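> Right, I'll just put the structure down here and ask away after.
The values are calculated or read from the model by the stated rules, or taken from the named source; none is laboratory data. Just so it is clear, the model here is predicted, and its values are computed rather than measured. As a convention, Cβ positions derive from the backbone with ideal geometry for all residues, glycine included, and neighbour counts pool all protein chains shown.
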Amino acid sequence: MADFTISERHRVLTGPVINVDDLVITDPSGEQHARQVVVHPGAVSVVAVDDQRQVTLIRQYRAALGVELLEIPAGKRDVPGEDPVLTAQRELLEEVGLVAEEFSLLGEFHNSPGFSDEHSFVFLATGLQERPHNRQGAEEQHLSVLTIGLDDAPRLISSGEIRDAKTIIGLLLARERLGE
């Protein structure tokens, strides 16, 4: 298989959350094409499951959609060089006030590879204990925390109540890992 190459890369936007680069790619036949790529530091998300198979979720406003979404706790990998599991532990405590005895990686995925390089890790957290949260930012300050049964996840996904991709991926992987 012939390779595509990036012939040019220019930063056109530097923002607090993302950057945007203009690229010129050269295809295997030598033809060049313009592309834009969202450059993202990556993210983590956590499926926090207690001993009764209850999952902690948040309902949080998402400005890109103008609505609140039901999601698993998550956050950007905004500390350079930090191990993803440490980021996941920090985000779980920050958003919902939970610490876990055990974190295990459920999977990794690319959120929207057609236009973004964002790479995400999703973890399973068990052996949960409550601690004071430390919410950051306007959306986190106004989020609400709720629990659902892990076994209710497929119904909530198919009904459209859960529409967030990382949450769907995480919940389904957690069900598979823990057994239905």
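> Mind checking which residues of the range 150-180 are of a type outside the set (D, E, K, R), surrounded by 13 or more Cβ atoms within 10 Å (Cβ to Cβ) and outside any helix (DSSP H, G or I)?
The one that is of a type outside the set (D, E, K, R), surrounded by 13 or more Cβ atoms within 10 Å (Cβ to Cβ) and outside any helix (DSSP H, G or I): Ile162.
> Within the range 125-149, which residues are exposed (fewer than 13 other Cβ atoms within 10 Å of the Cβ) and either assigned to a helix (DSSP H, G or I) or in contact with a helix residue (DSSP H, G or I) (Cβ under 8 Å, 6 or more places away or on another chain) (or both)?
Of everything in the range 125-149, those that are exposed (fewer than 13 other Cβ atoms within 10 Å of the Cβ) and either assigned to a helix (DSSP H, G or I) or in contact with a helix residue (DSSP H, G or I) (Cβ under 8 Å, 6 or more places away or on another chain) (or both) turn out to be Arg131, Asn134, Gln136, Gly137, Ala138, Gln141.
> If the requirement is being surrounded by 19 or more Cβ atoms within 10 Å (Cβ to Cβ), in contact with a Ser or Thr (Cβ under 6 Å, 6 or more places away or on another chain), over 18 Å from Asp152 (Cβ atoms) and not polar (S, T, N, Q), which of these qualifies: Ala48, Ala74?
Criteria check complete, one pass: Ala74.
> To continue, here is another question. So Glu102 clears everything in (1) surrounded by fewer than 12 Cβ atoms within 10 Å (Cβ to Cβ); (2) acidic (Asp, Glu); (3) touching a residue at least 60 places away in the same chain (Cβ under 8 Å) except one condition, right? Which one?
Glu102 satisfies all of (1) surrounded by fewer than 12 Cβ atoms within 10 Å (Cβ to Cβ); (2) acidic (Asp, Glu); (3) touching a residue at least 60 places away in the same chain (Cβ under 8 Å) except (3).
> Next question. Identify all residues within the range 18-50 that are in a loop (DSSP other than H, G, I, E, B) and either under 24 Å from the mean Cα position of the chain (by Cα) or among the small types (Gly, Ala, Ser) (or both); write none if there are none.
Selection gives Ile18, Ser29, Gly30, His40, Pro41, Gly42, Asp50.
> Only one of Leu69, Leu57 is touching a Lys or Arg at 6+ places or on another chain (Cβ under 7 Å), at pLDDT 95 or above and not in a loop (DSSP other than H, G, I, E, B); which?
Result: Leu69 is the single residue among Leu69, Leu57 that is touching a Lys or Arg at 6+ places or on another chain (Cβ under 7 Å), at pLDDT 95 or above and not in a loop (DSSP other than H, G, I, E, B).
> For the list (1) at positive phi; (2) in contact with a Leu (Cβ under 7 Å, 6 or more places away or on another chain), I need the number of the one condition that Leu128 fails.
Among (1) at positive phi; (2) in contact with a Leu (Cβ under 7 Å, 6 or more places away or on another chain), the lone unmet condition for Leu128 is (1).
> Scan (1) in a strand (DSSP E or B); (2) under 26 Å from Ser144 (Cβ atoms) for the single condition Asp78 breaks and write down its number.
Here Asp78 meets the rest and fails (1).
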